[in-house]
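So the structure is just underneath, and the comments pick up after that.
The values are calculated or read from the model by the stated rules, or taken from the named source; none is laboratory data. Remember, predicted model here, so these are calculated numbers, not experimental data. Because the Cβ atoms are built from the backbone with ideal geometry, glycine has one as well, and the counts that use them run over all protein chains shown.
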Amino acid sequence: MKCKGTWKEKTPSGRTVKRKCNNELSEYAIFCDKCGTPTNALSTKLNAKKNWQEVRETFTNLRGSFYKFNIFFLITVFIPIGAVIFFQKDLAQFIGIDKYLFLNLALLLLVPLSLIPFAFDEENYSQNFSVKNYFRKMKYYPKFFLFTLENIIFFFILKVLCTGYLIGVTVDPILAPVRVILVLHWITIMFPAPLVIIRKNVNPLAALKVCYTASAETRWQQFFTLFYVATANILGLLAVGLGLLRSISFSYLLIENYYNKMNEYRLFEKREN
Ligand SMILES: [Zn+2]
């Protein structure tokens, strides 16, 4: 594959000429390392919309097979997570601890459960959604617990810095939207991490670094992938919650498929520069 980029160059006589780059690119290049022109990777294989279309196709043929698992998952994982978020004030008051502390302790215990499907076997991933498989993969709970803890610590630091929480300092109100952006940015970069932890056998702390480096070029597409995940679930929720019986597994497939593409482009491997 040759680079199709061009640039303008001034000749000694002062004329501007257009030069073709023609740099030989590796199969997995996203940008030309000589002139910086993007290859078509971000508009084809690594594109969020293409990923969504691809997964939707697989999903349409399989969706009936997800209902049983999704009912189980909704009751044991998502409804409890929703409940602690929604009733955090009452529940914290009932137990007699701080609301923020309560919510984060509850999420620390519950969120790892929601990550277990990322530990399903890679082979025929979409066919591994079963309750039996879920319990078999519970052995990865401690790893996901650590990963969740890292995220909670990061969000806690953001909260302290952006709201003056605990330190009692008045902060600039501009920091409130800054915090929202940083949280979104963080989630965008880190969503492949549970898969990196399992498939690359990387520890939860190193996975953060791997994901950060990996996302350099695909960050926007990762953001759009998350946007599709959010849209699918909001629509699912609006359909009297019944749509969730589809959108839950669909979300995992979307994320897993995008991870596979990033992996194909060797984005999770150490890079020279
Ligand atoms: Zn080039």
Q. Would the range 131-148 turn up any residue that is under 16 Å from LEU101 (Cα atoms), part of a helix (DSSP H, G or I) and touching a residue at least 40 places away in the same chain (Cβ under 8 Å)?
A. yes
Q.
I'd like the full set of residues that are charged (D, E, K, R) and either without any contact (Cβ under 8 Å) to a residue 40 or more places away in the chain or within 23 Å of SER249 (Cβ to Cβ) (or both), limited to the range 201-229.
A. LYS209, ARG219
Q) Here are some residues: LEU91, LEU74. Which one is assigned by TED's automatic domain parsing to the domain that holds SER126, in contact with a Phe, Trp or Tyr (Cβ under 9 Å, 6 or more places away or on another chain) and more than 15 Å from the ligand (Cβ to nearest atom)? A) LEU91
(Q) Return the pair list, or none, for Cβ contacts closer than 8 Å from residues in the range 1-29 that are small (Gly, Ala, Ser) to residues that are more than 10 Å from the ligand (Cβ to nearest atom), at least 6 apart or on different chains. (A) SER26/MET1; ALA29/MET1; ALA29/ALA41
Q.
Under 9 Å between Cβ atoms, which residue pairs at least 6 apart in sequence (or on different chains) link something in the range 33-61 that is closer than 16 Å to ASN260 by Cα with a partner that is within 16 Å of the ligand (Cβ to nearest atom) and part of a helix (DSSP H, G or I)?
A. ASN47/ALA41
Q.
Based on this model, can you work out whether ALA83 counts as free of Cβ contacts under 8 Å to residues at least 12 places away in the same chain, more than 16 Å from the ligand (Cβ to nearest atom) and either in contact with an Asp or Glu (Cβ under 8 Å, 6 or more places away or on another chain) or not assigned by TED's automatic domain parsing to the domain that holds PRO117 (or both)?
A. no
Q: Tell me which of these ILE234 doesn't satisfy, since it passes every other one: (1) under 30 Å from PHE31 (Cβ atoms); (2) in a helix (DSSP H, G or I); (3) among the hydrophobic types (A, V, I, L, M, F, W, C).
A: (1)
(Q) For the range 15-28: of the residues being near the ligand (Cβ under 9 Å from one of its atoms) and in a loop (DSSP other than H, G, I, E, B), which is surrounded by the most Cβ atoms within 10 Å (Cβ to Cβ)? (A) LEU25
Q) Taking the condition assigned by TED's automatic domain parsing to the domain that holds PHE250 and modelled with pLDDT of 90 or more, does LEU62 pass? A) no
Q: Please verify whether the range 230-249 includes one or more residues that are under 14 Å from the mean Cα position of the chain (by Cα) and within 28 Å of GLU123 (Cβ to Cβ).
A: no
**Q.** Odd one out for GLY36, checked against (1) at pLDDT below 95; (2) of a type in the set (Gly, Ala, Ser); (3) surrounded by 15 or more Cβ atoms within 10 Å (Cβ to Cβ)
**A.** (3)
Q.
Considering only the range 34-53, I want to know if a residue exists there that is outside any helix (DSSP H, G or I), of a type in the set (Phe, Trp, Tyr) and more than 16 Å from the ligand (Cβ to nearest atom).
A. no
